[in-house]
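The values are calculated or read from the model by the stated rules, or taken from the named source; none is laboratory data. Quick caveat, the model's predicted, so the values are computed rather than measured. Counting neighbours? That spans all protein chains shown, and the Cβs are built from the backbone with ideal geometry, glycine included.
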Amino acid sequence: MTKYTRLFAPGKIGRMELKNRIIFAPCGTHYSTMDGLVSEQQRTYYAERAKGGAGLLIIEGASCRKIGKPGRILVNEDKYIPYLKKLADVIHENGAKAVMQMSSHRGSTDEVDPASPSGMPHPFAGSASSHIIPLHPRVITPADLEQLIEEYGEAARRVMEAGFDGVMLHGANGYLPCELLSRRFNKRTDAYGGDLKGRAKFLLDMIKISREKTAPDFPVLLRLMGSDRVAKPGDDGWGIQDCVELCKLVEAAGVTSVDITSGSQETPDWTGPAWYMPPGLNVDVTTAIKKAGVKIPISVVGKIADPALAEEILTDGKADFISMARALICDPYWPKKVLEGKTDDICPCIYDKRCLEDVIVEFQPMSCTTNPLVGHEKEYAIKMERLTKKKKVLVLGGGPGGIQAAITAAQKGHDVTLFEKSDKLGGQLILAAVPPDKQDLNNYLKYLKIQLAKSDVKVKLNTEATPAAVAKFAPDSVIVAVGSTPFIPEIDGIDGKNVITCQDVLSGQKKPGQKVIVLGGGYVGCETCFYLAKKGIEVTLVFRSAEAAHDIHYWVVRKHYLDKLKEMNIKVMQGVQYRDITAKGLNLTDKDGKAVFLEADTVILAAGATPNKALGEALKGKYLEFAQIGDCVEPRRIREAVEEGIWAAAAI
Ligand SMILES: Cc1cc2nc3c(=O)[nH]c(=O)nc-3n(C[C@H](O)[C@H](O)[C@H](O)COP(=O)(O)OP(=O)(O)OC[C@H]3O[C@@H](n4cnc5c(N)ncnc54)[C@H](O)[C@@H]3O)c2cc1C
Ligand SMILES: Cc1cc2nc3c(=O)[nH]c(=O)nc-3n(C[C@H](O)[C@H](O)[C@H](O)COP(=O)(O)O)c2cc1C
Ligand code: SF4
């Protein structure tokens with residue numbers, strides 16, 4: 001019997017009966033074919049999430065418009081109905097209900113036809129994500145809006161004919177419906193502007209036509225922006241109270257339920273909250289909606305991955321359903337595992353937003369750091385079934401890549417041993433979790449360690465792999481995962497006693513003075529600054545490139561790094577050339593060519609990493625099955641190490 005009785009209580013969204021309160025929130029995957037068809041990869045991905053136990057799956061925003069978008073599911077012509085039906089069927093066969101989210105127009109950031117309510121550009125105009133955000137969107141006309149409504153209605157009909165249990169209208173994430181709702185973006189004086197009813201006309205028309213083109217009781221769900229998280233009470237943005245009033249309007253207009261997210265494209269920290277944002281961050285909105293007496297079911301999304309938090313939200317009546325996106329990307333079996341009390345086996349999300357980087361920034365198929373199998377479920381199953389002979393597998397290095405490789409090889413039935421030269425498992429992941437707000441990484445390391453402990457892998461700590469030790473062990477297969485070491489730049493004085501690495505600092509092995517220079521402006525350098533500044537140490541960050549955190553995309557999290565450097569009063573000097581390090585500090589040439597001396601007690605290096613290639617080079621060619629994975633190939637990030645680890649092991 002589960003203690004999460006509310007979470008696993010059946011619930012109803014209109015005529016749709018759900019076996020529990022867990023909804024898989026819509027997530028664009030870019031797994032469709034380039035012609036907009038639901039691919040086999042996509043069906044397997046959704047089937048897996050249905051098998052995992054969620055009551056309802058909301059399928060990613062499909063395109064209803066005549067002008068389609070490659071990589072998206074298309075619902076703009078009847079010819080797509082059979083493909084959509086196959087998707088609805090596979091979800092039903094695996095025990096969940098299926099609703100299709102329908103996206104229409106992204107307003108000022110639309111890739112195909114940038115247009116906004118009053119021709120106002122997006123605040124990020126000129127910057128790039130999957131495309132350059134235009135500086136001059138056109139003013140959307142009433143005829144355009146009417147055509148979009150018509151397209152929406154037809155798409156809703158197709159979704160119903162394909163056997164889906166409902167449609168979800170997309171009125172969130174800052175897209176056109178949100179720009180129309182916002183007084184800041186909508187200065188129109190026609191029927192689509194003015195008071196809330198006018199600004200909501202497009203949404204209300206979407207609801208009306210979806211009803212007309214489907215059936216009176218066909219579930220029409222609506223996703224809304226709970227607040228743009230910019231507006232202050234009384235100003236011209238979109239605040240919580242505006243959303244409460246809108247919920248009353250859409251309820252009266254016949255919408256079946258409302259799903260609440262928040263943030264606009266201007267505030268991506270809210271639409272896709274990263275590790276430094278709080279859990280359950282949209283519950284403030286749903287609490288206000290429930291208090292205002294809205295009767296239709298309300299669901300809430302946003303960093304809800306802890307079953308206790310989900311249960312509390314439901315018990316306190318702050319929402320009726322819990323929507324989860326990334327928790328179920330990382331582990332589609334989250335619901336089943338919670339129900340069976342196997343929470344230690346849940347692969348956690350670390351909220352690093354690399355999935356969003358793929359989909360929104362790179363326009364690539366979605367991948368996930370902690371779950372490298374996402375979108376590759378079928379390929380993996382085939383590889384794992386293919387075991388010809390039990391082999392003696394030796395994994396060298398106990399960082400995330402090595403641990404994952406060892407677990408996978410053991411799951412495949414091999415006899416696996418892991419050598420780790422230090423006295424603990426985790427590699428650089430241990431240090432990665434030290435800077436402020438990054439403790440989600442500890443959950444991931446804990447998960448990896450638990451899975452390793454549950455496997456049959458023989459772990460040998462304090463065991464350095466050398467060519468001789470490996471030869472003595474006589475393995476059939478070797479996976480080298482020995483990571484990287486800090487890169488030491490060639491600067492006069494770099495050998496001085498006052499020079500240490502960020503790894504020395506974050507591991508607590510060396511103590512810096514009260515006034516320090518961090519040399520290297522990538523995200524690791526920035527995080528080291530945050531760590532030190534939080535301890536009250538005076539920090540100056542110096543680096544050669546033009547902007548701090550250049551190795552992280554702005555739309556994803558770089559803005560956070562830049563804001564935090566300011567907020568924590570960290571002095572930043574970019575575009576510098578290093579001259580030499582003395583016992584008293586650092587001589588450099590600043591970006592204007594001026595010689596500058598920066599006084600400091602300690603110079604802390606965060607200048608990147610060098611792959612540990614020697615062992616791999618020495619072992620290469622000596623073993624029939626041999627792979628090198630992760631940072632020892634090239635220093636990158638956790639995702640690459642884990643992904644390469646899993647596939648190297650699955651191939652044995
Ligand atoms: C401060 C910091 C913050 C970071 N933050 C992030 C982040 O937020 N997100 C992200 O994705 N990445 C982050 N990274 C990078 C990430 O940690 C690495 O990319 C990742 O850990 C690489 O994994 P790996 O398994 O390839 O190697 P490692 O993690 O380096 O593990 C290698 C292991 O091999 C062991 N080893 C070495 N030589 C031998 C030998 N001869 N015999 C036996 N064992 C040996 C080492 O002791 C170590 O345990 C961060 C890195 C640092 C330093
Ligand atoms: C890769 C990815 C793609 C997304 N695509 C969509 C989408 O198509 N439509 C939408 O309304 N929200 C989309 N979202 C937002 C999620 O539905 C969800 O609101 C957000 O991730 C916060 O919830 P979480 O913390 O549970 O992940 C996407 C999120 C991710 C991570
Ligand atoms: S890529 Fe990162 S944020 Fe996205 S689902 Fe995976 S772990 Fe979570």
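Quickly run through the stretch 314-342 and pick out the residues that are of a type in the set (Val, Ile, Thr) and surrounded by 24 or more Cβ atoms within 10 Å (Cβ to Cβ).
Correct list: Ile322, Ile329, Val338.
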Residue within the stretch 527-539 that is touching a residue at least 40 places away in the same chain (Cβ under 8 Å), among the acidic types (Asp, Glu) and either exposed (fewer than 15 other Cβ atoms within 10 Å of the Cβ) or within 16 Å of ligand 2 (Cβ to nearest atom) (or both) present: no
Residue among Lys460, Lys454 that is more than 18 Å from Asp352 (Cα to Cα) and more than 10 Å from ligand 1 (Cβ to nearest atom): Lys454
Residue match in the stretch 504-522 (condition: away from ligand 3 (no atom under 16 Å from the Cβ), under 15 Å from Pro436 (Cα atoms), surrounded by 18 or more Cβ atoms within 10 Å (Cβ to Cβ) and modelled with pLDDT of 95 or more): yes
Helices (runs of 4 or more DSSP H) lying entirely in the stretch 440-508 (those with 1 or more residues that are under 18 Å from Ile652 (Cβ atoms)): 440-454, 467-473
Matching residues, the stretch 240-265, being more than 16 Å from ligand 3 (Cβ to nearest atom), closer than 23 Å to Pro279 by Cβ and either within 25 Å of the chain's Cα centre (by Cα) or of a type in the set (Ser, Thr, Tyr) (or both): Ile240, Ser257, Val258, Asp259, Ile260, Ser262, Ser264, Gln265
Scan of the stretch 43-101 for residues that are assigned to a helix (DSSP H, G or I) and of a type in the set (Gly, Ala, Ser), ordered by number: Ala47, Ala50, Ala88
Residue match in the stretch 619-637 (condition: over 26 Å from Lys472 (Cα atoms), within 16 Å of ligand 1 (Cβ to nearest atom), without any contact (Cβ under 8 Å) to a residue 12 or more places away in the chain and assigned by TED's automatic domain parsing to the domain that holds Val470): yes
Which listed residue is modelled with pLDDT of 95 or more, crowded, with 23+ Cβ neighbours inside 10 Å and outside the structural domain of Asp590 (by TED's automatic domain parsing), from Val470, Val478: Val478
Residues (touching a Phe, Trp or Tyr at 6+ places or on another chain (Cβ under 9 Å) and either farther than 15 Å from Asp228 by Cα or within 16 Å of ligand 1 (Cβ to nearest atom) (or both)) located in the stretch 273-286: Pro273, Ala274, Trp275, Tyr276, Met277
Number of the condition not met by Gly493 [criteria: (1) more than 19 Å from Lys584 (Cβ to Cβ); (2) touching a residue at least 24 places away in the same chain (Cβ under 8 Å); (3) not assigned by TED's automatic domain parsing to the domain that holds Asp592]: (1)
Neighbours by Cβ (under 8 Å, 6+ apart or cross-chain): first from the stretch 306-330, β-branched (Val, Ile, Thr); second away from ligand 2 (no atom under 13 Å from the Cβ) and modelled with pLDDT under 95: none
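Just one of Lys454, Lys412, Lys449, Lys438 is crowded, with 20+ Cβ neighbours inside 10 Å and charged (D, E, K, R); which is it? If you could, list the steps in order and put the result at the bottom.
Values: Lys454 fails: crowded, with 20+ Cβ neighbours inside 10 Å; Lys449 fails: crowded, with 20+ Cβ neighbours inside 10 Å; Lys438 fails: crowded, with 20+ Cβ neighbours inside 10 Å.
From the options Lys454, Lys412, Lys449, Lys438, the qualifying one is Lys412.
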Only one of Lys458, Lys378, Lys390, Lys446 that is more than 30 Å from Thr501 (Cβ to Cβ) and out of contact with any strand residue (DSSP E or B) (no Cβ under 9 Å at 6 or more places or on another chain): Lys378
Any hit, the stretch 433-453, residues being modelled with pLDDT of 95 or more, aromatic (Phe, Trp, Tyr) and farther than 27 Å from Ala274 by Cβ: no
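Per-residue answers, yes or no, for (1) at negative phi; (2) of a type in the set (Ser, Thr, Tyr); (3) crowded, with 23+ Cβ neighbours inside 10 Å:
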site	(1), (2), (3)
Leu74	yes, no, yes
Asp78	yes, no, no
His92	yes, no, no
Ser118	yes, yes, no
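Let's see how each residue does on (1) away from ligand 3 (no atom under 16 Å from the Cβ); (2) under 30 Å from Pro279 (Cα atoms); (3) in contact with a Ser or Thr (Cβ under 8 Å, 6 or more places away or on another chain):
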site	(1), (2), (3)
Thr315	yes, yes, no
Ile322	yes, yes, yes
Arg326	no, yes, no
Asp344	yes, yes, no
Glu357	no, yes, no
Met366	no, yes, yes
Val374	no, yes, yes
Lys389	yes, no, no
Thr408	yes, no, no
Yes/no for Gly398 being within 22 Å of Cys330 (Cα to Cα), part of a loop (DSSP other than H, G, I, E, B) and either near ligand 1 (Cβ under 9 Å from one of its atoms) or of a type in the set (D, E, K, R) (or both): yes
Residue match in the stretch 621-644 (condition: in a strand (DSSP E or B) and of a type in the set (A, V, I, L, M)): yes
Filter result (of a type in the set (A, V, I, L, M) and surrounded by 24 or more Cβ atoms within 10 Å (Cβ to Cβ)) within the stretch 375-406: Val393, Leu394, Val395, Leu396, Ile403, Ala405, Ala406
